Amino acid sequence: MTAITKPIPRKTASLYRGRPLVVTEHPRHLEVRELRRRDVVSVDYITLYEFGMKLRWRRNHAEQQAQKRRGPK
């Protein structure tokens, strides 16, 4: 796998308020902005990973709780 050594911008297929999002990969963080806008949101990779793990845990936990409410089959 190739390490990131310089910023790599990519236009995504995701739209926010009708505009494509641009993601720029940096060696230590990720930047997201709307196309043709200057406002940038910056997130380091550790925070992004932890957030993804929390979302997955919440989804699994909600599914388990729903199964408990339905009762055994």
### Query
Condition test on ARG28, is it over 23 Å from ALA3 (Cα atoms) and of a type in the set (D, E, K, R)?
no
### Query
Going through segment 3-39 one residue at a time, which ones are surrounded by 13 or more Cβ atoms within 10 Å (Cβ to Cβ) and among the basic types (Lys, Arg)?
ARG19, ARG33
### Query
Going through segment 32-53 one residue at a time, which ones are without any contact (Cβ under 8 Å) to a residue 12 or more places away in the chain and either within 17 Å of ALA3 (Cα to Cα) or among the hydroxyl-bearing types (Ser, Thr, Tyr) (or both)?
ILE46, THR47, TYR49
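Read-outs throughout are calculated quantities, based only on the coordinates presented, and are distinct from any laboratory measurement. This is a predicted model, so every value here is computed, not measured. Every residue, glycine among them, receives a Cβ derived from its backbone with ideal geometry; neighbour counts consider all protein chains shown.
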